[in-house]
Amino acid sequence: MRTALLQSSGRPGSVEGNLKVLDEAAARAAAAGAALLAAPEMFLTGYAIGDDIGRLAEAADGDGADAVAEIASRHGLAIAYGYPERCGDTVHNSAQLISADGTRLAGYRKTHLFGCFERDHFTAGEQPVVQAELGGLRVGLMICYDVEFPENVRAHALAGTDLLIVPTAQMHPFQFVAESLVPVRAWENQMYVAYVNRVGQEGEFDFVGLSVLAGPDGVARARAGRGEELVLADLDPALLAASREANPYLTDRRPGLYGSLV
């Protein structure tokens, strides 16, 4: 399954502008044969937009989701993207996966909020593993800081996730996460990890780019630089199966020894 990562901060504060950027990227990705396009954390609205987060937040089946579904179906590819989700009086930092026919396949709420900014504006989610079937693969969703907790990713591995999509707002000086940690997560959990970041200065944050799609062998299949970029890579189920057979971390585990960890 060819996968495209849209490394962009879009147009912070403008849902209309971000949908236009997404539409243009979907056209390019589809023309390159991609079956899936992944966009960064909070892509629909922008990340560092302060109280506009609450104003622009919407339900999982809101107008923004409908617009993304229309883009997905018109270009014939699935889309994963981040947005602020309103649920009653609470707002979650969420990600959603929409199929190539416009069906909403999965919705995830960030479980580990990073720093005062996120804790001031969002309520943490409580469901660590959210999955959907796509293109013969079991696809999971996670957001940014979540991937830095090994227990989180291991839970996905134990649930059979083949591809973990991680919309991200990774900032300076934590670029080692994209450079080193994400490929290790892919290796130790025997899965593909698509980590797609924002770029440039946004409010008080300096997003570092460096989006990466890492394979179960720990090798980056695609890696972006520091600017706006669309990168593509192919996911190979045969490689996934062969790597899992050669590196049996999950079957060699001894869970009885790990109780003290939790």
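The values are calculated or read from the model by the stated rules, or taken from the named source; none is laboratory data. Values in this document were obtained by computation on a predicted structure and should not be read as measured data. We place every Cβ from the backbone using ideal geometry, glycine too, and count neighbours over all the protein chains shown. Note: areas computed on protein heavy atoms with side chains; ligands, DNA, RNA excluded. Shrake-Rupley method; radii C 1.70, N 1.55, O 1.52, S 1.80 Å.
Selection of first residues in the range 107-119 that are in contact (Cβ under 8 Å) with a residue 12 or more places away in the chain and of second residues that are open to solvent by less than 40 Å² (accessible area, probe 1.4 Å) and of a type in the set (Lys, Arg), restricted to Cβ pairs under 8 Å at least 6 apart or on distinct chains, gives the following pairs, ordered by first then second residue: 118/110. Taking the listed residues 147, 166, the one that is assigned to a strand (DSSP E or B), out of contact with any Pro (no Cβ under 6 Å at 6 or more places or on another chain) and either within 19 Å of residue 218 (Cβ to Cβ) or open to solvent by 20 Å² or more (accessible area, probe 1.4 Å) (or both) is 166, with no other qualifying.
For the range 186-205, the tally of residues that are over 15 Å from residue 144 (Cα atoms) and either out of contact with any His (no Cβ under 9 Å at 6 or more places or on another chain) or in a strand (DSSP E or B) (or both) stands at 9. Can you find a residue in the range 208-219 that is among the aliphatic types (A, V, I, L, M), surrounded by fewer than 24 Cβ atoms within 10 Å (Cβ to Cβ), touching a helix residue (DSSP H, G or I) at 6+ places or on another chain (Cβ under 7 Å) and part of a helix (DSSP H, G or I)? No, the range 208-219 contains no residue that is among the aliphatic types (A, V, I, L, M), surrounded by fewer than 24 Cβ atoms within 10 Å (Cβ to Cβ), touching a helix residue (DSSP H, G or I) at 6+ places or on another chain (Cβ under 7 Å) and part of a helix (DSSP H, G or I). Across the range 34-57, a minimum of one residue is classified as within 29 Å of residue 215 (Cβ to Cβ) and surrounded by fewer than 24 Cβ atoms within 10 Å (Cβ to Cβ).
Residue check: residue 71 meets all listed conditions (1) out of contact with any Gly (no Cβ under 8 Å at 6 or more places or on another chain); (2) buried (at least 17 other Cβ atoms within 10 Å of the Cβ); (3) without any contact (Cβ under 8 Å) to a residue 60 or more places away in the chain; (4) in a strand (DSSP E or B) but one, namely (4). Going through (1) surrounded by fewer than 23 Cβ atoms within 10 Å (Cβ to Cβ); (2) more than 19 Å from residue 140 (Cα to Cα) one by one, residue 198 falls short only on (1). Among the residues of the range 107-126, just one is acidic (Asp, Glu) and surrounded by 17 or more Cβ atoms within 10 Å (Cβ to Cβ), namely 118.
Scanning the range 131-153 for residues that are in contact with a helix residue (DSSP H, G or I) (Cβ under 7 Å, 6 or more places away or on another chain) and charged (D, E, K, R), which turns out farthest from residue 164 (Cα to Cα)? In this case the residue turns out to be 148.
For the range 235-246, the criterion of being crowded, with 19+ Cβ neighbours inside 10 Å and in contact with a Leu (Cβ under 7 Å, 6 or more places away or on another chain) is met by at least one residue. Selection of the range 169-185 for residues being in a loop (DSSP other than H, G, I, E, B) and either open to solvent by 10 Å² or more (accessible area, probe 1.4 Å) or not aliphatic (A, V, I, L, M) (or both) yields 170, 172, 173, 174, 175.
Results for (1) hydrophobic (A, V, I, L, M, F, W, C); (2) surrounded by fewer than 17 Cβ atoms within 10 Å (Cβ to Cβ); (3) part of a strand (DSSP E or B), shown as yes or no for each residue.
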site	(1), (2), (3)
95	yes, no, yes
100	yes, no, no
105	yes, no, yes
128	no, no, no
